[in-house]
Amino acid sequence: MMKAIVLVFATLLLANTTLLASGPTFVQVKAATPQTASGSVSVTYTLAQTAGNLNVVVVGWNDTTSTVSMVSDSLGNNYALAIGPTTGTAVRQSIYYAKGIKAGNNTVTIRFSQAARYADIRLLEYSGMDPVNPLESAAG
């Protein structure tokens, strides 16, 4: 069974070498980049999601005082922090995931502890990932 591989801000989620018969498959991506400071950002996937898939939510923002206080979605999936916040010069980033997601049309909402400057939200859906333990390790 495949585990997630994501490289962002020198953040590496390592892959397991055991693959599912069909292998991992990218399903869809959706993004939002509001140009004003925002206390929360909601992003709706274009296609209905498939039960059992994996959601990856990459949250970046241009300040080092705000933090992500919540990641949730309209289907009630549970999100776990994969890594972060990783801090750079006046920027931060965190990566979250939800395994074994529920099927249906879905909107993901990210809430910040205070209005975050220039949030950059990326949603990704994958099929063919390990439904129980898709994340093997993380480093930043």
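Results for (1) under 22 Å from Thr36 (Cα atoms); (2) among the β-branched types (Val, Ile, Thr), shown as yes or no for each residue.
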{"residue": "Val57", "(1), (2)": "yes, yes"}
{"residue": "Gly60", "(1), (2)": "yes, no"}
{"residue": "Ala80", "(1), (2)": "no, no"}
{"residue": "Ala90", "(1), (2)": "yes, no"}
{"residue": "Asn105", "(1), (2)": "no, no"}
{"residue": "Ile110", "(1), (2)": "yes, yes"}
{"residue": "Ala116", "(1), (2)": "yes, no"}
{"residue": "Asp120", "(1), (2)": "yes, no"}
Seminar exercise, completed: Exactly one of Ser69, Ser74 is open to solvent by 50 Å² or more (accessible area, probe 1.4 Å), more than 12 Å from the chain's Cα centre (by Cα), within 19 Å of Gln28 (Cα to Cα) and at pLDDT 95 or above, and that residue is Ser74
Exercise. Residues in the stretch 81-99 that are closer than 15 Å to Asn53 by Cα and either touching a helix residue (DSSP H, G or I) at 6+ places or on another chain (Cβ under 7 Å) or open to solvent by less than 40 Å² (accessible area, probe 1.4 Å) (or both): how many?
Worked result: 2
Problem set entry | Boolean, Gln28 is buried (at least 19 other Cβ atoms within 10 Å of the Cβ) and either at pLDDT 95 or above or aromatic (Phe, Trp, Tyr) (or both) | no
Seminar exercise, completed: Checking Thr33, Thr17 in turn, the sole residue that is open to solvent by 50 Å² or more (accessible area, probe 1.4 Å) and modelled with pLDDT under 95 turns out to be Thr17
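Tell me which residues, restricted to the stretch 100-126, are open to solvent by 30 Å² or more (accessible area, probe 1.4 Å) and farther than 18 Å from Thr44 by Cα. Even if it seems obvious, please write down each step before you answer.
Applying the first criterion (open to solvent by 30 Å² or more (accessible area, probe 1.4 Å)) to the stretch 100-126 yields 100, 102-103, 105, 107, 111, 113-115, 117-118, 120, 122, 124, 126.
Within the stretch 100-126, Gly100, Ser113, Gln114, Ala115, Arg117, Tyr118 qualify.
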Problem set entry | Residues (open to solvent by 50 Å² or more (accessible area, probe 1.4 Å) and hydroxyl-bearing (Ser, Thr, Tyr)) located in the stretch 36-52 | Thr36, Ser40, Ser42, Thr44, Thr46, Thr50
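State yes or no: is Gly39 modelled with pLDDT of 95 or more and part of a loop (DSSP other than H, G, I, E, B)?
Numbers: modelled with pLDDT of 95 or more: yes; part of a loop (DSSP other than H, G, I, E, B): no.
In short, no.
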For this session: Being in contact with a Leu (Cβ under 9 Å, 6 or more places away or on another chain) and not in a strand (DSSP E or B) is the filter; apply it to the stretch 87-108 and report the residue that is nearest to Ser72 (Cα to Cα).
Result: Asn106
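The values are calculated or read from the model by the stated rules, or taken from the named source; none is laboratory data. The structure presented is a predicted model; accordingly, all values stated were derived computationally and were not measured. As a convention, Cβ positions derive from the backbone with ideal geometry for all residues, glycine included, and neighbour counts pool all protein chains shown. What goes into the accessible areas is simple: the full protein's heavy atoms, side chains included, and nothing from ligands, DNA or RNA. Shrake-Rupley method; radii C 1.70, N 1.55, O 1.52, S 1.80 Å.
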